[in-house]
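Where a number appears in this text, it was derived from the coordinates with a stated rule and is not lab data. Keep in mind it's a predicted model, so treat the numbers as computed, not measured. Note that each Cβ is placed from the backbone with ideal geometry, even for glycine, and that neighbours are counted across all protein chains shown.
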């Protein structure tokens, strides 16, 4: 009998690392996450909530953030969970959503 040992994933990098909030006009964002020990059934989380996840390899996965996730400014966490038993949660990387600011030209007469 061969024992399969699952391990905790570890995140090293992601791209993009930020986006701009556009309120109701926001669109979904696909983030590519790099690290190690991503299992075939790994699950990415955005601030503790599961998001659609595609595992590309043991070192790369993609997570789709909804338009609502990025509609308001703030700093949010992305982490990856490998299933139990023996799996667990990765470290968390920060994803910044910058507030949308519109600058209007000023005319002086």
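Among the DSSP beta bridges whose two residues both lie in region 10-98, what percent are antiparallel, rounded to the nearest 5? If you can, show how the numbers build up before the last one.
Details: 28 of 31 bridges.
The answer is about 90 percent antiparallel.
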**For the chain, diffusion coefficient by Stokes-Einstein and Kirkwood Rh (Cα), 10 °C, 1.306 mPa s, µm²/s** = 106
**Scattering curve values for region 68-109, log₁₀ I(q)/I(0), Debye with Cα scatterers, q = 0.16, 0.17, 0.24 Å⁻¹** = -0.63, -0.66, -0.85
**Prompt:** For the chain, what's the relative contact order in percent, using C-alpha pairs closer than 8 Å and at least 6 residues apart?
**Reply:** 34
**Request:** Just grab the label-to-label distance for residue 56 and residue 13, each label 7 Å out from Cα along the Cβ direction, in nm (one decimal).
**Result:** 1.1
**Message:** Between region 71-93 and region 1-61, what is the separation of their alpha carbon centroids in Å?
**Reply:** 8
